[in-house]
Amino acid sequence: MEPPEDGDLRLQDAAGGAGSVSYTQGGSSGECCVAFPRGGWLGRLSRELHWSFLLAVVAVYGGCQGVGDALNGVASGYYWKDVQRVQPSAAQFYRGITGAPWIVKPLWGLLTDVVPMAGYRRRPYLVVAGVIGVASMLTLSLHHGLGIMAAVLALTAQSTGAAIADVTVDALVAQKSIRHPPLASDMQSMCGFSSSVGALIGFSISGLLVYSMGSQGALGLLAIPSALVFLAGILLKESPATDFDYTQVHKEFYRAVQSMGTTLKCPEVWRPCLYMYVSLNLSLDIQGGMFYWYTDPVAGLAFSEGFIGLIYSIGSVGSILGVLLYQSALKDYPFRSMLLWSQVLSSLAGMLDLVLVTRLNLKMGIPGYFFVVIDNTISQMFSQLKWLPLLVLSSKLCPSGIEGTFYALLMSIQNAGVLMSACWGGLLLHMLNVTRTEFSNLWIAVLIRNISRLVPLTLLFLIPQSDHGSTLLPVEMLEESESAEAVKAGSDNTGFSVLVTEDSSCLSSNVVVQNEGTKEFDAGTTDVELIPLMNKSRLTVDT
């Protein structure tokens with residue numbers, strides 16, 4: 001029995017490591033059961049996607065972003081406050097500047113997609129990212145008396161290395177999401193889980209490190225996560241990109257940019273992008289002011305370095321709970337419903353900050369140190385429930401061939417929203433005269449932030465109603481020959497692809513396309529047996 005040459009073909013995943021292929025052909029229909037490798041969530045990913053991919057995810061998301069961002073968040077807060085001695089609004093502004101490399105993520109994505117280094121498209125960029133991170137953080141920690149601009153430059157370089165590493169792994173995730181649609185949510189959950197566990201570890205040790213080594217010494221330890229990224233680049237399994245003509249790089253750049261422009265014109269793409277940007281832009285970041293208030297011995301809560309780390313580490317438990325809740329119960333709900341409730345709950349969770357700043361918790365008999373732990377835990381959980389659907393949605397908006405570039409573009413749109421939220425938050429703190437020692441108007445800033453989080457609900461119609469397992473792009477944007485993909489990606493030999501020859505115009509994406517092209521199963525490494533449910537013949541395909 002051969003796969004049908006025309007009609008409708010779908011691959012659906014079921015619980016327990018099994019799935020089915022259903023098709024219609026000439027008025028008749030059939031369904032085949034697919035036996036996937038069995039195992040748990042992480043075991044299944046390891047079997048189907050190779051352990052070196054998971055190692056790269058853990059190194060980048062768990063080490064660089066989880067531990068690294070946690071340690072950076074605490075240590076840099078004390079660095080700007082105690083070493084550089086700047087105002088909260090200035091510290092918020094400098095944090096925004098150091099996040100600028102995340103805005104130009106499409107540039108890093110273009111490089112990984114278009115320009116191989118030493119014959120490889122992904123591995124060398126992880127190596128380069130690790131080197132940049134190690135060099136910048138050692139420079140910052142070993143040179144005392146750095147000026148503000150030199151410090152900003154060093155932290156920006158570290159951010160650049162982290163952004164390049166993130167783009168490289170994101171490209172792998174987007175590429176594998178196209179080839180393994182049922183695993184898209186699982187991969188994003190893996191990324192979120194690694195990041196949350198890493199943040200838990202990072203926050204747990206950050207306060208003690210700042211207390212024992214000082215903020216500058218603690219920042220120097222960020223070289224360790226970067227070294228792990230370097231190691232992941234060395235070990236990542238990837239086939240070389242053969243016969244690449246570097247004289248044609250400019251044409252490849254042009255083709256990639258043209259493809260990005262074509263994709264962005266689709267309503268299925270630009271509408272969610274607009275919502276992502278606005279929702280993150282209007283979630284004003286006033287964490288700089290909150291941090292100064294946490295640590296102020298007179299008007300604030302006078303928290304020590306160790307307790308600050310403890311607060312954030314327990315808050316990371318909430319982030320882990322959010323990932324597990326999403327993975328176990330919420331990943332099959334429609335995008336629009338998920339984002340509706342996550343946005344509302346995020347606003348309500350922000351009201352806990354208002355209770356804390358106005359000291360209403362004391363009237364309720366709840367000590368500040370206990371209330372702030374509850375506050376951070378709940379806020380982190382709801383933040384994760386909002387973030388994961390956006391990541392899954394982004395991975396499903398990437399056309400084949402420029403996965404890294406376009407996913408990086410989507411992430412840069414979101415990062416631009418985050419950067420603007422930091423700038424607006426800094427401006428708000430400045431306008432309300434929240435300084436190193438003056439916090440009387442901090443509650444107003446908290447209230448404005450919480451209200452602003454509800455405004456994006458007016459644009460929720462821009463988000464598709466589809467669930468997390470749906471294909472959102474027109475099928476022709478997801479097609480690419482196995483040989484071209486093997487040369488471009490080189491790191492994933494297992495897949496299920498659909499090749500269609502149709503008009504390349506943007507089509508409705510929430511319909512399963514009944515095409516007249518060719519459906520093919522890609523050759524791979526694992527034997528998958530298709531057992532017909534409606535026919536007694538057997539089809540064995542190598543994928």
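Candidates in segment 175-208 are the residues that are touching a Ser or Thr at 6+ places or on another chain (Cβ under 6 Å) and farther than 20 Å from Val229 by Cα; of these, the one that is surrounded by the fewest Cβ atoms within 10 Å (Cβ to Cβ) is Ser204. Condition first: within 16 Å of Gly425 (Cβ to Cβ), at pLDDT below 90 and of a type in the set (A, V, I, L, M, F, W, C). Now tell me which residues in segment 287-306 satisfy that. Within segment 287-306, Phe291 is the sole residue that qualifies. Scanning segment 358-415 for residues that are under 30 Å from Lys105 (Cα atoms) and of a type in the set (Gly, Ala, Ser) yields Ser379, Ser383, Ser394, Ser395, Ser400, Gly401, Gly404, Ala408, Ser412. Of the candidates Ile320, Ile314, the single residue that is within 22 Å of Gly368 (Cβ to Cβ) and either within 17 Å of the chain's Cα centre (by Cα) or of a type in the set (Val, Ile, Thr) (or both) is Ile314.
Give Val455, Val392 a once-over and let me know the one that is under 16 Å from Val278 (Cα atoms), among the β-branched types (Val, Ile, Thr) and either surrounded by fewer than 19 Cβ atoms within 10 Å (Cβ to Cβ) or modelled with pLDDT under 90 (or both).
Exactly one residue qualifies, and that residue is Val455.
Scan segment 332-346 and give yes if some residue there is in a helix (DSSP H, G or I), crowded, with 23+ Cβ neighbours inside 10 Å and among the β-branched types (Val, Ile, Thr), otherwise no. No, segment 332-346 contains no residue that is in a helix (DSSP H, G or I), crowded, with 23+ Cβ neighbours inside 10 Å and among the β-branched types (Val, Ile, Thr). Here is the figure for segment 106-148: residues that are outside any helix (DSSP H, G or I) and open to solvent by less than 50 Å² (accessible area, probe 1.4 Å) total 7. Among the residues of segment 57-78, the ones that are of a type in the set (Phe, Trp, Tyr) and either under 14 Å from the mean Cα position of the chain (by Cα) or surrounded by 24 or more Cβ atoms within 10 Å (Cβ to Cβ) (or both) come to 1 in all.
Do we have any residue at all in segment 245-262 that's within 19 Å of Asn415 (Cα to Cα) and in contact (Cβ under 8 Å) with a residue 60 or more places away in the chain?
Checked against the condition, which is being within 19 Å of Asn415 (Cα to Cα) and in contact (Cβ under 8 Å) with a residue 60 or more places away in the chain, segment 245-262 yields at least one hit.
Whenever a residue of segment 419-433 is touching a residue at least 12 places away in the same chain (Cβ under 8 Å), its partners that are among the small types (Gly, Ala, Ser) and not in a helix (DSSP H, G or I), lying with C-beta atoms within less than 6 angstrom and at least six residues away or across chains, give the pairs Leu419/Gly99; Ser421/Ser283. Would you confirm whether or not segment 156-174 contains a residue that is surrounded by fewer than 19 Cβ atoms within 10 Å (Cβ to Cβ), more than 15 Å from Val392 (Cβ to Cβ) and not small (Gly, Ala, Ser)? Within segment 156-174, one or more residues are surrounded by fewer than 19 Cβ atoms within 10 Å (Cβ to Cβ), more than 15 Å from Val392 (Cβ to Cβ) and not small (Gly, Ala, Ser). Restricting Gln380, Gln343 to residues that are touching a residue at least 40 places away in the same chain (Cβ under 8 Å) and either out of contact with any Pro (no Cβ under 8 Å at 6 or more places or on another chain) or not polar (S, T, N, Q) (or both) narrows the list to Gln380. The single residue among Leu410, Leu428 that is farther than 15 Å from Ser89 by Cβ and either among the charged types (D, E, K, R) or part of a helix (DSSP H, G or I) (or both) turns out to be Leu410. Annotation note: Cβ proximity below 8 Å between a residue of segment 212-240 that is farther than 20 Å from Ser136 by Cβ and of a type in the set (D, E, K, R) and a residue that is open to solvent by 10 Å² or more (accessible area, probe 1.4 Å) and assigned to a loop (DSSP other than H, G, I, E, B) (sequence gap 6+ or interchain) occurs for Lys237/His50; Lys237/Ser491; Glu238/Arg121; Glu238/Ser491. Of the residues making up segment 347-378, those that are out of contact with any Leu (no Cβ under 7 Å at 6 or more places or on another chain) and either surrounded by 18 or more Cβ atoms within 10 Å (Cβ to Cβ) or among the acidic types (Asp, Glu) (or both) are Ala349, Gly350, Leu352, Asp353, Val355, Leu356, Asn361, Val373, Asn376, Thr377.
If you check Tyr294 against the conditions, is it touching a helix residue (DSSP H, G or I) at 6+ places or on another chain (Cβ under 6 Å) and crowded, with 16+ Cβ neighbours inside 10 Å?
Considered against the rule, which asks whether it is touching a helix residue (DSSP H, G or I) at 6+ places or on another chain (Cβ under 6 Å) and crowded, with 16+ Cβ neighbours inside 10 Å, Tyr294 comes out as no.
The values are calculated or read from the model by the stated rules, or taken from the named source; none is laboratory data. Predicted, not measured: the structure shown is a model, and the values here were computed from it. Neighbour counts run over all protein chains shown; Cβ positions are idealised from the backbone, glycine included. To get the accessible areas, we keep the full protein, side chains included, count just its heavy atoms, and leave off ligands, DNA and RNA. Shrake-Rupley method; radii C 1.70, N 1.55, O 1.52, S 1.80 Å.
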